[in-house]
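**Student:** My questions all concern the structure below.
No lab work stands behind these numbers, since they all come straight from the coordinates. Since the model is a prediction, treat every value here as computed from it, not as a measurement. Don't worry about glycine lacking a Cβ; one is built from the backbone with ideal geometry, like all the others, and counts go over all protein chains shown.
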Amino acid sequence: MKHCMSLNPEPFEMIRSGKKAFELRLNDEKRQKIKIGDEIEFADLQSNCKMLTVVEDIYKFSSFDELYKNLPLSECGYTQEELSTAKASDMDVYYSKEKQKKYGVLGIKVQVIK
């Protein structure tokens, strides 16, 4: 199955270059349909450039606090310089605490299809 998601330019380029392996999302109804082996087409919100990836693994957590304790943040979109200040509340900009509590969260491990 193929899924479509949008990304800001910076995380889009990080996935394309292999610096980011995990896409962090809310485990809402749309994301609950994603399975290992599925394809995700990411679209850059600025340029509308597209990239195709395959889902290698899915990690489910009750909160971003739990996710941040268990996944390598260096593969979740943080640069080496940002690792010391990375915190789960960084994701509150994208998802409300209420939705995080309702759905839980995901770390979707993807690999770009060359």
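**Student:** What are the pairs, 6+ residues apart or on separate chains, where a residue within segment 17-38 that is under 19 Å from Phe64 (Cβ atoms) has its Cβ under 6 Å from a residue that is of a type in the set (Phe, Trp, Tyr)?
**Tutor:** Leu26/Tyr95; Leu26/Tyr103; Asn27/Tyr103; Asp28/Tyr103
**Student:** Please enumerate the residues belonging to segment 48-73 that are farther than 23 Å from Lys35 by Cβ and assigned to a helix (DSSP H, G or I).
**Tutor:** Correct list: Asp65, Tyr68, Lys69, Leu73.
**Student:** Follow-up. Mind counting the residues in segment 5-22 that are part of a helix (DSSP H, G or I) and surrounded by 15 or more Cβ atoms within 10 Å (Cβ to Cβ)?
**Tutor:** Total meeting the criteria: 6.
**Student:** Of (1) surrounded by 12 or more Cβ atoms within 10 Å (Cβ to Cβ); (2) out of contact with any Cys (no Cβ under 9 Å at 6 or more places or on another chain); (3) over 26 Å from Lys2 (Cα atoms), Asp57 satisfies all except one. Which?
**Tutor:** Against the list (1) surrounded by 12 or more Cβ atoms within 10 Å (Cβ to Cβ); (2) out of contact with any Cys (no Cβ under 9 Å at 6 or more places or on another chain); (3) over 26 Å from Lys2 (Cα atoms), Asp57 comes up short only on (3).
**Student:** Can you tell me which residue is nearest to Ser63 (Cα to Cα) among those in segment 74-113 that are of a type in the set (A, V, I, L, M) and outside any helix (DSSP H, G or I)?
**Tutor:** Among those that are of a type in the set (A, V, I, L, M) and outside any helix (DSSP H, G or I), it is Val105.
**Student:** Taking the condition touching a His at 6+ places or on another chain (Cβ under 9 Å) and either buried (at least 17 other Cβ atoms within 10 Å of the Cβ) or of a type in the set (Val, Ile, Thr) (or both), does Arg25 pass?
**Tutor:** In short, no.
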